[in-house]
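**Q** Next up is a structure, given as structure tokens.
The values are calculated or read from the model by the stated rules, or taken from the named source; none is laboratory data. All values derive from a computational prediction rather than experimental measurement. Quick reminder, even Gly has a Cβ in these numbers, built from the backbone with ideal geometry, and neighbours come from all protein chains shown. Each accessible area value is taken on the protein alone, full model and side chains, heavy atoms only, with ligands, DNA and RNA left out. Shrake-Rupley method; radii C 1.70, N 1.55, O 1.52, S 1.80 Å.
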Amino acid sequence: MPIYHKLGKIPQKRHTQFEKPDGGLYYEQLFGTIGFDGMSSLSYHVHRPTQVKEIGKALDVSPKIAVEKNITSRKFIGFDVAPKDDFLESREPLLVNNDVHVGLAAPRKSVTKYFYKNADADEMLFIHKGSGTLKTFLGNIPFEYGDYLIIPRGMIYQIEFDTEDNRILYAESFHPIYTPKRYRNWFGQLLEHSPFCERDYKLPQDLQTFDEKGEFLMKIKKQGMLHQLVYATHPFDVVGWDGYNYPYGFSIHNFEPITGRVHQPPPVHQTFETGAFVVCSFCPRLYDYHPKSIPAPYNHSNIDSDEVLYYVDGDFMSRKGIGPGYISLHPAGIPHGPHPGTYEASIGKKGTEELAVMIDTFKPLQITENALKIDDGKYYKSWLE
Ligand SMILES: [Fe+2]
């Protein structure tokens, strides 16, 4: 996140003595990415953040692949993913490759008994249903329907839900998740043609410091395993921090669509980028206004991208038989386009209420066993006339 942010107390100069009020020093931690070349934050802890007491049993949580090489267009009934109490157990990886794991989760309970860290991947949580607070060692972020939460790898967090009715689309990205570079100037500021700006971000706030000793379970995801480490001090013991590496939120409802006289290509909807996939937000917007325009998209060939569309709300103008929570997969190598009738039916329409999240990966996705259970199995024939 290329915005400087700070919370709590920090010393005037970095890497210098920062004294506690009752004697002793706070413990500085550089929390950086890409060696020492990427974004980083400097945090100040009451206790050393390194005090591992015990290492428990590790659990294999790597996705079980059902279809390794896929050329079938598919439709998944996302709300058929069964709710589960635990936040991590509720996650069902559906479409995966070496760059990203895309899945759905319907967690019922807040995380209170352990802390969680994904050591390998930046996480994007898209909140389809539910609200609550993302709690991290760098501060808290309240979230609600339509929020993207971007959690850089290594962030220690808990998640608190207001109710048991929660639906989340998630992506675990093994590449850092950034906002698109083309919307920034050379200093990182978002430019005037960007569909969102700095004011739209939900930055961490309300830094709480827990000076506690005892046994604190941390579940750490690394290399497909969920490790369990017991720490001797409370992980949220930061009194202050500053820098650029921290979690943040962004509401899809704050994405300002870019429209035109004729159909605009998907990159105008782009919200996030990585080295291996993009994330786009399809939001309610006015349709193309050329007198002869066709608002529905043209057929297009996904020659080198797998296209994953997650349908959130509203009408889905180019698709038939789609409901909220559904996912469509249009694999690389074959064309796809509007369903029969929708192309013609879109002519003359003034706008759309569709709300959807698209994840386009540059490498093919594999289909997991979880995904096959909610696959409708006949979507690939849905363009037949
Ligand atoms: Fe497409």
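**Q** If you check Leu191 against the conditions, is it touching a strand residue (DSSP E or B) at 6+ places or on another chain (Cβ under 6 Å) and either away from the ligand (no atom under 16 Å from the Cβ) or not assigned by the TED database to the domain that holds Asn118 (or both)?
**A** no
**Q** Next question, about the same structure. Quick test of your reading of the structure: Thr136 fulfils all but one of (1) open to solvent by less than 10 Å² (accessible area, probe 1.4 Å); (2) touching a Leu at 6+ places or on another chain (Cβ under 7 Å); (3) touching a residue at least 60 places away in the same chain (Cβ under 8 Å). Name the failing condition by number.
**A** (2)
**Q** Being part of a loop (DSSP other than H, G, I, E, B) and at pLDDT below 95, is that true of even one residue in the range 352-373?
**A** Yes, the conditions are met somewhere in the range 352-373.
**Q** Only residues that are β-branched (Val, Ile, Thr) and more than 18 Å from Leu95 (Cα to Cα): list them for the range 52-70, please.
**A** Residues satisfying the conditions are Val52, Ile55.
**Q** Looking at (1) touching a Phe, Trp or Tyr at 6+ places or on another chain (Cβ under 7 Å); (2) within 18 Å of Asp375 (Cβ to Cβ), which one does Lys129 not meet, given that it meets all the others?
**A** (2)
**Q** Hey, another quick one. Return the residue satisfying two criteria in turn: it lies in the range 248-306 and is within 13 Å of the ligand (Cβ to nearest atom) and β-branched (Val, Ile, Thr), and of such residues it is farthest from Gly341 (Cα to Cα).
**A** Per the stated criteria, the residue is Val278.
**Q** Sticking with this structure for a sec: With the requirement that a residue be of a type in the set (A, V, I, L, M), farther than 12 Å from Trp241 by Cβ and surrounded by 10 or more Cβ atoms within 10 Å (Cβ to Cβ), what does the range 1-37 give you?
**A** Within the range 1-37, Met1, Ile3, Leu25 meet the criteria.
**Q** Where residues in the range 338-370 are open to solvent by 30 Å² or more (accessible area, probe 1.4 Å) and closer than 26 Å to Tyr170 by Cβ, which of them is farthest from the ligand (Cβ to nearest atom)?
**A** It comes out as Glu369.
**Q** Test Ser328 against the criterion of being of a type in the set (S, T, N, Q), under 22 Å from the mean Cα position of the chain (by Cα), under 28 Å from Asn97 (Cβ atoms) and within 13 Å of the ligand (Cβ to nearest atom), and give yes or no.
**A** yes
**Q** Shifting gears a bit: For Asp162, state whether it is buried (at least 17 other Cβ atoms within 10 Å of the Cβ) and touching a strand residue (DSSP E or B) at 6+ places or on another chain (Cβ under 9 Å).
**A** So Asp162 fails the test.
**Q** Here's another thing I want to ask about it. Here is a list: Ser43, Ser62, Ser110. Which entry is in contact with a Phe, Trp or Tyr (Cβ under 8 Å, 6 or more places away or on another chain) and assigned to a loop (DSSP other than H, G, I, E, B)?
**A** So the residue among Ser43, Ser62, Ser110 that is in contact with a Phe, Trp or Tyr (Cβ under 8 Å, 6 or more places away or on another chain) and assigned to a loop (DSSP other than H, G, I, E, B) is Ser110.
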